[in-house]
Protein chains: 2
Amino acid sequence: MDYYNYKPAEVRKLVREGIIKGPTTGMCGGYAQGNLVILPEELAWDFLLFCQRNPRACPLLEVSDAGSKSFPLTALGSDLTKDLPGYRIYEDGILTEETADVSQRFEKYQKTRGKLVSFLIGCSFSFEAELMEAGIPVRQIEEGVNVPMYNTSISCAPAGVFSGNMVVSMRPIPHKQVPTAVAITAAMPNVHGAPVQIGYPKAIGINHLERPDYGDPVTIREGEVPVFWPCGVTPQAVVMNSRPPFVITHAPGHMFITDVKNVTLKYR
Amino acid sequence: MDYYNYKPAEVRKLVREGIIKGPTTGMCGGYAQGNLVILPEELAWDFLLFCQRNPRACPLLEVSDAGSKSFPLTALGSDLTKDLPGYRIYEDGILTEETADVSQRFEKYQKTRGKLVSFLIGCSFSFEAELMEAGIPVRQIEEGVNVPMYNTSISCAPAGVFSGNMVVSMRPIPHKQVPTAVAITAAMPNVHGAPVQIGYPKAIGINHLERPDYGDPVTIREGEVPVFWPCGVTPQAVVMNSRPPFVITHAPGHMFITDVKNVTLKYR
């Protein structure tokens with residue numbers, strides 16, 4: 001089944017009803033998808049401050065009210081505990097559950113331990129759609145694998161309990177198209193923006209392109225340059241570093257689909 | 001004395017020593033200046049959330065750690081309680097003091113009542129410099145008055161105790177230059193970005209251009225269109241609406257001068 005031409009609200013409903021189970025890649029063409037991080041209220045200030053200080057790695061699309069299950073500004077009528085096809089629950093930094101519905105765990109936590117705050121973080125799916133529209137290859141999509149991601153030596157600005165280095169994603173770009181790829185992504189700061197490094201991985205502490213720290217290696221062809229963008233795995237990695245008592249995230253590739261068009265992310 | 005060619009750290013030092021007293025307009029050409037809001041820690045979450053939800057009116061340049069007197073990311077070595085030439089202190093929503101040094105009041109509050117958090121908010125000085133560079137007139141500068149500002153019917157997205165409508169600033173732009181003015185400011189989202197209204201003030205609830213709610217009226221010449229931008233007075237107005245027990249802001253025109261070049265605000 002191809003959901004490219006479906007509206008986000010339709011797909012969210014099908015997800016909520018358990019009809020759509022898979023990853024959300026390729027669904028609702030033109031609409032922004034987001035990474036989800038749900039944290040206890042007592043960690044929310046530090047995390048919001050971390051995102052404010054590191055907007056390229058952690059571009060916030062929306063932050064919920066404490067205790068709320070919805071993102072009214074980017075997806076009216078959504079239920080963020082049911083509208084993603086996959087979630088992961090971490091307790092004390094350890095993955096304890098992978099599920100398609102966290103509504104009961106969310107409610108139980110709030111009844112017994114305190115309020116939760118939900119963060120929706122922009123995702124590179126948005127700029128990849130524009131790169132492809134411009135005829136720039138996106139290798140991991142061509143090869144049907146996950147984008148290669150690397151830990152770097154670039155320090156994020158710390159905030160409270162959260163600190164760590166930036167994680168980047170890499171796409172090999174034909175050298176003639178590098179300026180276009182930079183221009184396209186620089187125009188979308190709400191979904192990571194311009195690259196942080198072009199062509200010299202050692203400068204940011206990456207010594208083995210063939211062995212990414214997350215995701216899969218991809219082919220770099222003759223005449224292509226490895227280009228590195230800030231990656232939404234950064235906030236997840238930083239959160240896990242601090243071993244919080246309770247966190248819910250989306251499962252990899254199982255994103256929250258918003259009602260916001262990618263093109264409008266340029267002008268918010 | 002003309003401080004256009006001074007470095008920000010030099011001017012901040014002269015301010016701190018009481019040698020520079022006036023408004024900061026025209027100082028440190030090319031560098032971003034910011035609005036200051038200092039709030040009690042218990043209001044900081046709601047305010048940070050308000051800014052996140054209303055980034056056009058409240059573009060954050062930096063948020064301090066609770067209790068800190070510095071903005072290390074935008075102005076290393078600064079002391080935000082001394083480095084502005086003018087401050088206003090409000091208690092329970094009422095202006096109680098105007099001064100050039102709030103260090104003692106800041107310390108006393110923290111000793112007796114709790115921590116403070118400081119917010120630095122982008123300012124239209126940054127985009128006005130680019131407009132003038134492009135040969136677009138900035139009328140209130142030509143006429144030596146404050147920019148005219150208006151309350152509007154545009155609701156901000158509320159957050160906790162903070163809610164209210166957007167305040168906008170108006171600049172009359174020759175109709176042929178309107179597209180250029182939009183393009184220049186749209187490229188600077190961290191200092192309010194593109195206009196919210198062009199040429200039809202009634203659509204946003206403004207019925208009397210000659211009677212601004214803040215600042216001064218300016219001449220609109222034949223062939224010019226009134227263009228409205230989100231204004232940094234919005235967060236101040238919203239904070240005052242909620243009558244917080246204690247707030248420190250910059251005095252109008254007496255801004256915090258950062259080490260950040262305006263041009264880099266496009267790519268943060």
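The values are calculated or read from the model by the stated rules, or taken from the named source; none is laboratory data. Note that the structure is predicted; figures quoted are calculated from it, not measured. With ideal geometry, Cβ positions are generated from the backbone for all residues, glycine too; neighbour counts draw on all protein chains shown. Heavy atoms of the whole protein, side chains included, go into the accessibility calculation; ligands, DNA and RNA do not. Shrake-Rupley method; radii C 1.70, N 1.55, O 1.52, S 1.80 Å.
Here each label is just a point 7 Å from Cα along the line to Cβ, and for residue A:155 and residue B:108 those points are 3.7 nm apart. Shielding by partners for peptide A:45-55, expressed as the average number of C-beta atoms from other protein chains within 10 Å of each residue's C-beta, is 4.
Placing R0 at 41 angstrom, the Cβ-Cβ distance between residue B:10 and residue B:134 gives a FRET efficiency of 0.90 after rounding to 0.05.
Taking amide hydrogens as placed 1.01 Å from N in the peptide plane, the amide H of residue A:173 sits under 5 Å from those of A:225, A:227, each at least 5 positions away in sequence or on another chain. For the protein assembly as shown, the mean residue ellipticity at 222 nm estimated from helices alone is -6500 deg cm²/dmol, where every DSSP H run of n ≥ 4 contributes -39500 (n - 2.57) and the total is divided by all residues, rounded to the nearest 500.
Just the number, please: carbon plus sulfur as a percent of the accessible area of the stretch A:137-235, 1.4 Å probe, no ligands or DNA/RNA counted.
Numbers: 2250 of 4220 Å².
It is 53 percent, rounded to a whole number.
Roughly how large, in nm² to one decimal, is the mean projection of the convex hull of the alpha-carbon atoms in chain B? Show your work: numbers first, answer last.
Details: hull surface 52.8 nm².
Over all viewing directions, chain B projects a mean Cα-hull area of 13.2 nm².
What's the magnitude of the charge dipole for the stretch A:137-235 around its Cα centre, counting Lys and Arg as +1 and Asp and Glu as -1 at the beta-carbon? Answer in Debye, nearest 20. My answer is approximately 200 debye. Each peptide in A:177-190, B:228-241, A:99-112 gets a packing score, the mean of other Cβ atoms within 10 Å over its residues, and the list from highest to lowest is B:228-241, A:177-190, A:99-112.
Legend: residues in the stretch A:232-268 shielded by at least 40 square angstrom of accessible surface upon adding the remaining protein chains to the isolated chain (1.4 Å probe, heavy atoms) are A:268. For the protein assembly as shown, place one equal point scatterer on every Cα, skip the solvent, and apply the Debye formula. What is log10 of I(q)/I(0) at q = 0.07, 0.10, 0.12, 0.13 Å⁻¹? Each listed q maps to, in turn, -0.41, -0.86, -1.21, -1.38.
When you filter the GluC sites (Glu not before Pro) in the stretch B:120-181 for DSSP loop state and at most 15 other Cβ atoms inside 10 Å of their Cβ, you are left with B:143. For an R0 of 22 angstrom, estimate the FRET efficiency from the Cβ-Cβ distance between residue A:42 and residue A:65 and round to the nearest 0.05. Using R0 = 22 Å, I get an efficiency of 0.90.
Separation of the alpha carbons by more than 19 angstrom is noted, of A:266/B:266; B:69/B:115; B:21/B:108; A:13/A:108; B:7/B:261, for B:21/B:108; A:13/A:108. Each residue of the stretch A:193-210 was assigned a 3J(HN,Hα) from its phi angle through the Karplus curve 6.51 cos²θ - 1.76 cosθ + 1.60 (θ = phi - 60°); the sequence is x, 5, x, 9, 7, 10, x, 9, x, 4, 4, 10, x, 9, 9, 9, 4, 7 Hz, with glycine and proline shown as x.
Cut-off 15 Å, label point 7 angstrom out along Cα-to-Cβ of residue B:200: give me the residues of the stretch B:221-259 whose amide nitrogen falls inside. B:226-228, by backbone N distance to the label point. With all pairs of separate Cα atoms included, the stretch A:137-235 yields a Kirkwood hydrodynamic radius of 13.9 Å.
For residue B:180 and residue B:25, what is the calculated FRET efficiency with R₀ set at 22 Å and r taken between the beta-carbons, to the nearest 0.05?
According to the calculation, E is roughly 0.40.
Rolling a 1.4 Å probe across the protein heavy atoms gives the protein assembly as shown an accessible surface of 42 Å² per residue. At a Cβ-Cβ separation cutoff of 4.7 angstrom, cysteine residues of chain A with no neighbouring cysteine are A:28, A:123, A:156, A:231.
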